[in-house]
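Structure first, commentary second.
The values are calculated or read from the model by the stated rules, or taken from the named source; none is laboratory data. Not measured: the values here are computed from a predicted model. Note: ideal-geometry Cβ built from the backbone for every residue, glycine included; neighbour counts use all protein chains shown. In case anyone asks, the SASA skips ligands and DNA or RNA and just uses the protein heavy atoms, side chains included. Shrake-Rupley method; radii C 1.70, N 1.55, O 1.52, S 1.80 Å.
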Amino acid sequence: ELPASVAMDETVHMVTHTAQMQGRLQRNYTMLYDEDLYAALWVAYPLCSVYTNKGVERTNKWAYNPVLGPELSPAPFDGYAGSYDRGHLLPSADRLCCYDANVQTFYSTNIVPQDAKHNQNAWESLEGMIRNIANKSDTTYVVTGVMIKNPIGYTTDSTKDEFGQRRNESELKTLPVPSHFFKAVLRYSKASTLGQWNAAGFYYTHESQPQQQLISIDKLEELTGIDFFVNLASVVGEDMAANIESSTPSTSIWK
């Protein structure tokens, strides 16, 4: 599910987190992180019932990213200035299979400032719908991200660190607020009568009542500048991959 590699400078990092799942070490998710923006531009991860079947409760183990550390990670531990939620890119509910995998969803680099109504209504509904589809499929590949180069505003991170201790004002980070949220989703279900491979793009304005677009992957690529699912052609062939990515999503699958 990883998007195409991009030319990265020393301020943009590709970071992968692995976790113990079913007795072995597996990749949990990969993100493209911009340290100047203190934000992941996208987070890519597989999704199926293996990951969502409830083996643990939501951990709420908010923490700095151990790879990037406190200097490069935001600190949303006591919330943001203003009325923003701590919005997950990889949802906690998508990783209830085991403790390690869920803990990693609470790394602060997987979190962005998100309008509370946006997070708790339209976006939460979208997350639940994709989770339900993934649970009925063999595998679903998801890329969740934000458009943040032209933010709709700014906020600051928490006045407390991950241990609840007061941070100095000079330590607070100014964070851009995303203008849009998006998901690129590729579903594989060998038993489906509607085709084994189906894809959809979701593009939401960042508002309390967002404008919601259900679009092809090609259209989402135009809007985001990201080349999604670049390995699909090696599995199904160039022509079929092009057809999957250009097709208007079927509302019978992606409602």
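Would you mind pulling out the separation of the Cα centroids of the range 201-219 and the range 18-92, in Å?
Each part reduced to its Cα centre gives a spacing of 22 Å.
Can you give the three extents of the C-alpha atoms in the range 114-214 along their principal axes, from longest to shortest, in whole Å?
Principal extents (Cα only, largest first): 58, 31, 22 Å.
Could you work out the relative contact order of the chain, using alpha carbon pairs under 8 angstrom and six or more residues apart, expressed as a whole percent?
In percent, rounded to a whole number, it is 19.
Taking the Cβ of Ile152 as the centre, find all other residues whose Cβ is under 10 Å away and add up their charges (Lys, Arg: +1; Asp, Glu: -1).
Residues near Ile152 contribute -2 overall.
Kirkwood Rh over Cα pairs of the range 17-146 into Stokes-Einstein at 25 °C, 0.890 mPa s: D in µm²/s?
The diffusion coefficient I find is 164 µm²/s.
Per residue of the range 14-29, in order, report the coupling 6.51 cos²θ - 1.76 cosθ + 1.60 (Karplus, θ = phi - 60°) as ³J(HN,Hα) in whole Hz, putting x for Gly and Pro.
9, 10, 10, 10, 10, 8, 6, 10, 6, x, 9, 7, 9, 5, 8, 7
To one decimal place, what orientation-averaged projected area in nm² is obtained for the convex hull of the Cα set of the range 172-238?
Convex hull of Cα atoms, orientation-averaged projection: 7.1 nm².
Quickly estimate the mean residue ellipticity at 222 nm for the chain, helices only: each DSSP H run with n ≥ 4 gives -39500 (n - 2.57), and the total goes over all residues, rounded to 500.
Calculated from helices alone, the mean residue ellipticity at 222 nm is -4500 deg cm²/dmol.
Ordering Asp161, Asp36, Asp100 by how much accessible area each has at a 1.4 Å probe, largest first, what is the list?
Asp36, Asp100, Asp161
Search the structure for amide H atoms under 5 Å from the amide H of Asn65, placed 1.01 Å from N in the peptide plane, and list their residues when 5 or more places away or on another chain.
Ser108, Thr109
Determine the order of Thr174, Thr59, Thr105 by accessible area, beginning with the largest, at a probe radius of 1.4 Å.
Most to least solvent-accessible, the answer reads Thr174, Thr59, Thr105.
In nm, to one decimal, how far is the Ser5 label point from the Gln22 one, both placed 7 Å along Cα→Cβ?
2.9 nm
For the range 104-181, what's the relative contact order in percent, using C-alpha pairs closer than 8 Å and at least 6 residues apart?
The value is 35 percent.
Quote the accessible area belonging to Trp42 in square angstrom, nearest 10, computed with a 1.4 Å probe and with ligands, DNA and RNA left uncounted.
Here the accessible area works out near 10 Å².
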